[in-house]
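Some notes on the structure that comes next.
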């Protein structure tokens, strides 16, 4: 019976993740923009390898831990990742996978994966854009964002970050409808 409850729980999480935001949210983010964001406390796990494979390992571990944190005031968290690596060498990517948590959380629950840690992601001024479609088709959107950054007198000062607004789920899995915020921390040149 306990196994059934976990399956039901994960089904609900993936269904929520599959739903996505409204039209206004999408329209406001389809073009590059600058946005000031506060720093965010997160639970994080770092894995090396192909993004598709590592994300399938990372996010279930993070969600299991996230929902076991009793002090957490954040009830639902949008998954995100920061990436280090060359796009031409996907097996060498280093992914920092994370879920935002509330500032009052100071420890990981006992029995959680040993690789999960609490850390703070610095933000400040960022440039971001919404990518609509499969992850392997992000290149054009990324290039558009980078051109926007440079043409406005800024340079990238942080890692490539993705926030997965709508992505793979157990049902309604249509990669053409994935919604991903692509983000870079920036500074004046």
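The values are calculated or read from the model by the stated rules, or taken from the named source; none is laboratory data. Note that this is a predicted model, so its numbers are computed, not measured. Using ideal geometry, Cβ is built from the backbone for each residue, glycine included, and neighbour counts are taken over all protein chains shown.
So, of the residues in segment 115-134 that are at negative phi and free of Cβ contacts under 8 Å to residues at least 60 places away in the same chain, which turns out to be surrounded by the fewest Cβ atoms within 10 Å (Cβ to Cβ)?
Per the criteria, the residue is 134.
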**Prompt:** Quick check, is residue 102 out of contact with any helix residue (DSSP H, G or I) (no Cβ under 7 Å at 6 or more places or on another chain) and buried (at least 19 other Cβ atoms within 10 Å of the Cβ)?
**Reply:** no
**Item:** Checking residue 152 against (1) surrounded by fewer than 19 Cβ atoms within 10 Å (Cβ to Cβ); (2) touching a strand residue (DSSP E or B) at 6+ places or on another chain (Cβ under 8 Å); (3) modelled with pLDDT under 95, the condition it does not meet
**Value:** (3)
**Request:** Identify, by number, the condition in (1) without any contact (Cβ under 8 Å) to a residue 24 or more places away in the chain; (2) farther than 24 Å from residue 24 by Cβ that residue 174 doesn't meet.
**Result:** (2)
**Item:** Filter pass, residue 139 being under 15 Å from the mean Cα position of the chain (by Cα) and modelled with pLDDT under 95
**Value:** no
